[in-house]
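Peer 1: Provided herewith is a single structure, encoded as structure tokens, for subsequent inquiry.
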Amino acid sequence: MDDSARTLLQTLPKVDRLLENSALVRETADLPRSLVVEAVREELDTLRARVLGGHHEGLPLGHNGGFDADAVARRVLARLESWLRPSLRRVYNATGVVLHTNLGRAPLGAVAIERVAEVASGYCNLEYDIDRRARGSRHAHLESLLCRLTGAEAALVVNNCAAAVLLLLAALARGREVIVSRGELIEIGGSFRLPDVMEASGAALREVGTTNRTRLSDYEAAIGESTALLLKAHRSNFAVVGFTEEVSGEDLARLGRRARIPTAEDLGSGLMVDLGEYGLGAAPTVPGVVASGIDLVTFSGDKLLGGPQAGVIVGRAELVGMLRRHPLARALRVGKLTLAALEATLLRYLDGSWRQALPALRALTEPVDAVGRRATALRHAIAQQVHEGLEATVVPSEGRVGGGALPLVELPSRAVRLRAHRTKPEELERRLRRGRPPVIARIDEEGVYLDCRTLADDDVEAVAAAVARCVD
Ligand SMILES: *Cc1c(COP(=O)(O)O)cnc(C)c1O
């Protein structure tokens, strides 16, 4: 250690002295003392290491060149504040990607939020049968509703769709074979790879057909003694075009019945209603797949269904019963908060208010004119708050469904393009992203884009204020 470092370190305040700093005492009066002491120690350790490492720039020094105790105390407070700030935070999604997996997929509708708050704020009948004054089942709450909506005989809710597939394979095909088309050995969002889930479940994968063509005769020829299941997986996040052939759910279901082998389809998206009239193409719906005769269908709660993270299995009562009784069902079960949110979401399909009440469905089906009006309102709100140094223009944009669903669908949209006179697009994007609350935007060489399909009318003022804070 050189002399200057030694001299500087001698001015570093001691722990006890910092703990008596008046600002620190005032600001931390309600916090556990052990936490404050830990923050002080960490801060002093950090400063000491920086001096020893020769990184002197930005050190909290006073006029005399030594450490300034007040400035060090402010850094301790900042450290405590960062510890106490929740890591999981609300952000504004201005990307135009409706079911953005990194941004939490579907936002919950107001009714679902109310139901979660109500159920969470006291006790509830999660496993209590109020009529019979007896123990009940958490699985009972949503079953009849799911059956009514999908046309299935039985239903079971688990943690997510990956869990639904895992449970299905473990309960029906452990130690036996599952026949899957090579064109459907999907990977979704990095960590869900059908062959890996299959392996984890203890089922053996029997691939048939080729990447682009699989015929019913391929499945038929592969059926043998150890066949436990015929599985179809929906290609949620990619498409195969050109010289292709795949077996329909109807045909696979018919083959399964003839061979007395259960059939299942992993649908993923959980679309409940036909969105064709909103320009979203002909995506398979859950009721449609159930009607095709497939025995079991699995789907997510937070994709096109527009609800909380969950995995739903609907289908034949006997098979759903086997899944429910499997030991893994206990490990993969959902909690009361999820059930409350999912039930409130599903009820919106029953009462017909899904388009207005579920934010993701609203965002997917909203006419581009309405998105444009929001963009104009946002541009106007920004102009009211920022008087110079920024150019905000409404421009055509393109949204996406996201969440590994409907990969080919482009959602026509409108965005507000921001160009700051004194700040580069990358810097403006970074400031928006790191603001409080964060605004997640798109960027190119031309500027920063706030896509208004994924913003709500109620977000406009807050986003405009966030923009104002980022402009020099
Ligand atoms: C998204 C998806 C899954 C995984 O769903 P999670 O709810 O994220 O676990 C599984 N299968 C298909 C076909 C999907 O699209």
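Peer 1: Collect the residues in region 133-181 that are in a strand (DSSP E or B) and either in contact with a Pro (Cβ under 6 Å, 6 or more places away or on another chain) or among the acidic types (Asp, Glu) (or both), keeping them in residue-number order. Spell out the reasoning first.
Peer 2: Filtering region 133-181 for residues in a strand (DSSP E or B) gives 134-135, 154-158, 177-181.
The answer is GLU177, and nothing else.
Peer 1: Does any residue in region 169-198 that is within 10 Å of LEU231 (Cβ to Cβ) come within less than 7 Å, Cβ to Cβ, of a residue that is crowded, with 19+ Cβ neighbours inside 10 Å and among the aromatic types (Phe, Trp, Tyr) six or more places away or on a different chain, and which pairs are these?
Peer 2: ILE179/TYR219
Peer 1: Name the residues in region 357-369 that are of a type outside the set (Ser, Thr, Tyr), assigned to a helix (DSSP H, G or I) and under 17 Å from LEU280 (Cα atoms), would you? So that I can check it myself, show each step before the final result.
Peer 2: Pass one, region 357-369, residues of a type outside the set (Ser, Thr, Tyr): 357-364, 366-369.
With the extra rule that they be assigned to a helix (DSSP H, G or I), the set shrinks to 357, 359-364, 368-369.
Within region 357-369, PRO359, ALA360, LEU361, ARG362, ALA363, LEU364, VAL368, ASP369 meet the criteria.
Peer 1: Identify, from the list VAL240, VAL247, the residue that is more than 16 Å from the ligand (Cβ to nearest atom) and out of contact with any Lys or Arg (no Cβ under 6 Å at 6 or more places or on another chain). Give the steps one after another, and end with the answer.
Peer 2: Details: VAL240 fails: more than 16 Å from the ligand (Cβ to nearest atom).
Just one listed residue meets the conditions, VAL247.
Peer 1: Conditions first: (1) under 25 Å from the mean Cα position of the chain (by Cα); (2) more than 30 Å from GLU265 (Cβ to Cβ). ALA163 passes all but one, so which condition is the exception?
Peer 2: (2)
Peer 1: Among what's in region 76-129 and is part of a loop (DSSP other than H, G, I, E, B) and of a type in the set (Ser, Thr, Tyr), pick the residue that is surrounded by the fewest Cβ atoms within 10 Å (Cβ to Cβ).
Peer 2: Going through region 76-129, the residues part of a loop (DSSP other than H, G, I, E, B) turn out to be 85-91, 95-96, 100, 104-109, 121-127.
This time we only want the ones that are of a type in the set (Ser, Thr, Tyr), so: 87, 95, 121, 123.
Values: SER87: 5, THR95: 23, SER121: 8, TYR123: 8.
Applying the filter and picking the extreme gives SER87.
Peer 1: Can ARG254 be described as surrounded by 14 or more Cβ atoms within 10 Å (Cβ to Cβ), at pLDDT 95 or above, basic (Lys, Arg) and in a helix (DSSP H, G or I)? Outline the logic, then answer.
Peer 2: Numbers: surrounded by 14 or more Cβ atoms within 10 Å (Cβ to Cβ): yes; at pLDDT 95 or above: yes; basic (Lys, Arg): yes; in a helix (DSSP H, G or I): yes.
When the stated conditions are applied, ARG254 passes them.
Peer 1: Could you grab the pairs with beta carbons closer than 6 Å, sequence gap of 6+ or different chains, first residue in region 238-250 and surrounded by 15 or more Cβ atoms within 10 Å (Cβ to Cβ), second one among the hydrophobic types (A, V, I, L, M, F, W, C) and not in a strand (DSSP E or B)?
Peer 2: Pairs that qualify, where the first residue is surrounded by 15 or more Cβ atoms within 10 Å (Cβ to Cβ) and the partner is among the hydrophobic types (A, V, I, L, M, F, W, C) and not in a strand (DSSP E or B), are VAL247/LEU216; GLY249/VAL289; GLY249/ILE294.
Peer 1: I need the full set of residues from region 256-289 which are away from the ligand (no atom under 16 Å from the Cβ), closer than 19 Å to GLU153 by Cβ and aliphatic (A, V, I, L, M), in order please.
Peer 2: Selection gives ILE261 alone.
Peer 1: Here's something else I'd like to know. For region 184-199: of the residues being surrounded by 14 or more Cβ atoms within 10 Å (Cβ to Cβ), outside any loop (DSSP other than H, G, I, E, B) and not charged (D, E, K, R), which is farthest from the ligand (Cβ to nearest atom)?
Peer 2: MET198
Peer 1: Okay, next question. Mind checking whether some residue in region 433-451 is under 26 Å from SER87 (Cβ atoms) and in contact with a Cys (Cβ under 8 Å, 6 or more places away or on another chain)?
Peer 2: Of all residues in region 433-451, those under 26 Å from SER87 (Cβ atoms) come to 433-443, 448, 450-451.
Adding the requirement that they be in contact with a Cys (Cβ under 8 Å, 6 or more places away or on another chain) leaves 435.
Yes - at least one qualifying residue is present in region 433-451.
Peer 1: Closer than 26 Å to VAL111 by Cα and touching a residue at least 60 places away in the same chain (Cβ under 8 Å): which single residue out of VAL386, VAL368, VAL409, VAL401 fits that description?
Peer 2: Values: VAL386 fails: closer than 26 Å to VAL111 by Cα; VAL368 fails: touching a residue at least 60 places away in the same chain (Cβ under 8 Å); VAL409 fails: closer than 26 Å to VAL111 by Cα.
Step by step, each of VAL386, VAL368, VAL409, VAL401 is checked, and only VAL401 is closer than 26 Å to VAL111 by Cα and touching a residue at least 60 places away in the same chain (Cβ under 8 Å).
Peer 1: Among the residues of region 117-160, which ones are of a type in the set (Gly, Ala, Ser) and in contact (Cβ under 8 Å) with a residue 12 or more places away in the chain? Break it down into steps so the answer makes sense when it comes.
Peer 2: The initial filter retains those residues of region 117-160 that are of a type in the set (Gly, Ala, Ser), namely 117, 120-122, 134, 136-137, 140, 144, 151-152, 154-155.
Passing the criteria: ALA120, GLY151, ALA152, ALA154, ALA155.
Peer 1: Across region 326-348, what is the number of residues that are farther than 20 Å from LEU108 by Cβ, more than 15 Å from the ligand (Cβ to nearest atom), assigned to a helix (DSSP H, G or I) and in contact (Cβ under 8 Å) with a residue 60 or more places away in the chain?
Peer 2: Residues that pass the stated criteria total 1.
Peer 1: For region 200-237: of the residues being of a type in the set (D, E, K, R) and more than 16 Å from the ligand (Cβ to nearest atom), which is surrounded by the most Cβ atoms within 10 Å (Cβ to Cβ)?
Peer 2: Here is the first cut: in region 200-237, the ones of a type in the set (D, E, K, R) are 206-207, 213, 215, 218, 220, 225, 232, 235.
Next, only the ones that are more than 16 Å from the ligand (Cβ to nearest atom) stay: 206-207, 213, 215, 218, 220, 225.
On the way: ARG206: 21, GLU207: 17, ARG213: 15, ARG215: 16, ASP218: 18, GLU220: 15, GLU225: 6.
Applying the filter and picking the extreme gives ARG206.
Peer 1: Sticking with this structure for a sec: Sort through ALA420, ALA405, ALA441 and tell me the only one that's over 26 Å from SER236 (Cα atoms) and crowded, with 20+ Cβ neighbours inside 10 Å.
Peer 2: Working: ALA405 fails: over 26 Å from SER236 (Cα atoms); ALA441 fails: over 26 Å from SER236 (Cα atoms).
Answer to the selection: ALA420.
Peer 1: Quick one: would you say LEU296 is closer than 20 Å to LEU408 by Cβ, of a type outside the set (Val, Ile, Thr) and buried (at least 19 other Cβ atoms within 10 Å of the Cβ)?
Peer 2: Values: closer than 20 Å to LEU408 by Cβ: no; of a type outside the set (Val, Ile, Thr): yes; buried (at least 19 other Cβ atoms within 10 Å of the Cβ): yes.
Against the criterion (closer than 20 Å to LEU408 by Cβ, of a type outside the set (Val, Ile, Thr) and buried (at least 19 other Cβ atoms within 10 Å of the Cβ)), LEU296 does not qualify.
Peer 1: Next question, about the same structure. Restricting attention to region 380-430, which residues are in contact with an Asp or Glu (Cβ under 9 Å, 6 or more places away or on another chain), assigned to a helix (DSSP H, G or I) and hydrophobic (A, V, I, L, M, F, W, C)?
Peer 2: If the condition is that a residue be in contact with an Asp or Glu (Cβ under 9 Å, 6 or more places away or on another chain), assigned to a helix (DSSP H, G or I) and hydrophobic (A, V, I, L, M, F, W, C), then ALA381 is the only one that fits.
Peer 1: Okay, next question. Taking the criterion of being out of contact with any strand residue (DSSP E or B) (no Cβ under 9 Å at 6 or more places or on another chain), farther than 30 Å from ARG260 by Cα, in a helix (DSSP H, G or I) and in contact (Cβ under 8 Å) with a residue 12 or more places away in the chain, would at least one residue in region 299-312 satisfy it?
Peer 2: No, region 299-312 contains no residue that is out of contact with any strand residue (DSSP E or B) (no Cβ under 9 Å at 6 or more places or on another chain), farther than 30 Å from ARG260 by Cα, in a helix (DSSP H, G or I) and in contact (Cβ under 8 Å) with a residue 12 or more places away in the chain.
The values are calculated or read from the model by the stated rules, or taken from the named source; none is laboratory data. Just so it is clear, the model here is predicted, and its values are computed rather than measured. In this analysis, Cβ positions are derived from the backbone assuming ideal geometry, glycine residues included, and neighbour counts consider all displayed protein chains.
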